[in-house]
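For reference, the structure discussed in these notes is given below.
The values are calculated or read from the model by the stated rules, or taken from the named source; none is laboratory data. Every value quoted in this text rests on a predicted model; they were computed, and no experiment measured them. Cβ placement follows ideal geometry from the backbone for every residue including glycine, while neighbour counts extend to all protein chains displayed.
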Amino acid sequence: MKILIDYSGEHSEIPEKELQSVLAGESIRARVEERISARTILLDANTEEKRFLERLAFTKDASIIYAIGRNMEDIADSIYQQIKRKDSFRVVSESRMLAERLGDILYNKGLTVKLRDPKVKVTVRTIGDKYYAGIYVTRDRGYHNRRPQYRPYFHPTSMHPKLARALVNLGKVKAGDRVLDPFCGTGGILIEAGLMGMTPVGFDIDDKMVEGCKRNLRHYGITGSIEKGDATELKNVDADAIVTDPPYGRASFTSKKTSQLYDGIGQMAYRILPDGGRLVVTLPSKQKMDYPGFDLMDYFDVKVHKSLTRRIHVLRKN
């Protein structure tokens with residue numbers, strides 16, 4: 001399956017690393033067939049299942065490509081074979097003229113145009129001297145409605161859901177895997193894990209956060225295990241990946257010396273994770289994690305606002 005992917009441009013590295021981690025987590029073999037620009041690639045993947053595309057947070061658009069060529073009639077014939085049993089279609093493109101041209105050909109073949117809520121969205125664009133046409137993949141756009149202020153239990157330090165989802169995806173997990181957040185807070189990371197079909201496991205030392213996290217998960221129809229506990233003391237917890245955003249400003253974070261906390265996170269992760277399991281953790285930007293028993297795979301700086309930059313670390317237990 002060939003897929004045209006447009007990265008969001010919100011970060012120079014995270015979009016592609018997120019894609020690679022999702023492919024690895026889903027055990028999908030893929031290669032970049034063509035690097036069209038810094039933000040656009042043509043991916044060749046050995047799967048017909050498009051669900052993995054729906055997970056991606058830092059991808060702007062994705063389309064399954066069924067036709068590449070210079071002749072629009074041939075392009076239209078290939079697309080027609082893919083959508084001829086659909087009730088309705090709409091062509092979307094950066095070029096209005098191109099959309100109208102392909103749309104007219106498909107309409108003249110007997111297909112029904114529907115501009116609002118069509119059964120299928122056809123995409124077409126010109127790259128170089130060729131047309132690339134396919135079917136648009138609808139993905140999760142509900143981040144705005146899942147922002148912390150719209151949840152039953154709110155705390156101002158909660159991470160934006162788009163970034164939370166990217167962190168989970170960097171954990172190289174798939175549906176059914178257990179994702180542990182030992183500083184779960186209001187549950188932002190676990191909400192995104194649950195919505196992607198993973199099993200959320202959370203701990204927090206603050207009773208209010210534990211109850212608030214449970215409320216928020218229930219609000220989104222997510223079941224998981226949320227308990228009170230000190231993140232650095234956890235053991236005998238079953239998890240395939242650990243994804244966490246330690247609460248820099250809360251008393252539970254500052255009650256121990258910072259260096260002790262950093263060490264404690266690494267020791268806890270080593271006790272819990274299987275070999276090859278990933279630890280994805282954010283810290284203030286000047287910190288760089290280097291844990292015994294772990295390989296540092298990547299780290300990224302993400303500016304949250306002018307007074308806060310998060311450094312995302314992706315580590316693998318060796």
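Considering region 125-161, and only residues there that are surrounded by 19 or more Cβ atoms within 10 Å (Cβ to Cβ) and assigned to a helix (DSSP H, G or I), the residue that is nearest to the chain's Cα centre (by Cα) turns out to be PRO161.
Please tell me if VAL302 is under 22 Å from GLU13 (Cβ atoms) and touching a residue at least 60 places away in the same chain (Cβ under 8 Å).
On the way: under 22 Å from GLU13 (Cβ atoms): yes; touching a residue at least 60 places away in the same chain (Cβ under 8 Å): yes.
Yes.
Taking the criterion of being more than 10 Å from VAL120 (Cβ to Cβ) and surrounded by 15 or more Cβ atoms within 10 Å (Cβ to Cβ), the residues of region 78-90 that qualify are SER78, TYR80.
Results for (1) part of a helix (DSSP H, G or I); (2) over 20 Å from GLY142 (Cβ atoms), shown as yes or no for each residue.
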| position | (1), (2) |
| --- | --- |
| LEU163 | yes, no |
| LEU180 | no, yes |
| LEU217 | yes, no |
| THR223 | no, no |
| VAL237 | no, yes |
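Can you find, within region 268-318, the residue that is farthest from ILE242 (Cα to Cα) among those that are touching an Asp or Glu at 6+ places or on another chain (Cβ under 6 Å) and among the β-branched types (Val, Ile, Thr)? Filtering first and then ranking leaves THR309. Do we have any residue at all in region 21-31 that's in contact with a strand residue (DSSP E or B) (Cβ under 8 Å, 6 or more places away or on another chain) and either under 16 Å from TYR136 (Cβ atoms) or surrounded by fewer than 15 Cβ atoms within 10 Å (Cβ to Cβ) (or both)? Taking every residue of region 21-31 in turn, at least one turns out to be in contact with a strand residue (DSSP E or B) (Cβ under 8 Å, 6 or more places away or on another chain) and either under 16 Å from TYR136 (Cβ atoms) or surrounded by fewer than 15 Cβ atoms within 10 Å (Cβ to Cβ) (or both).
Scoring ASP104 on the criteria (1) at pLDDT 95 or above; (2) out of contact with any strand residue (DSSP E or B) (no Cβ under 6 Å at 6 or more places or on another chain); (3) assigned to a loop (DSSP other than H, G, I, E, B) leaves a single failure, condition (3).
Per the listing SER63, SER27, SER37, the residue uniquely among the small types (Gly, Ala, Ser), in a strand (DSSP E or B), in the same structural domain as SER93 (by TED's automatic domain parsing) and over 18 Å from PHE300 (Cβ atoms) is SER63.
Report the residue count in region 107-124 for those that are assigned to a loop (DSSP other than H, G, I, E, B), closer than 18 Å to SER78 by Cα and among the basic types (Lys, Arg).
Qualifying residue count for the region: 2.
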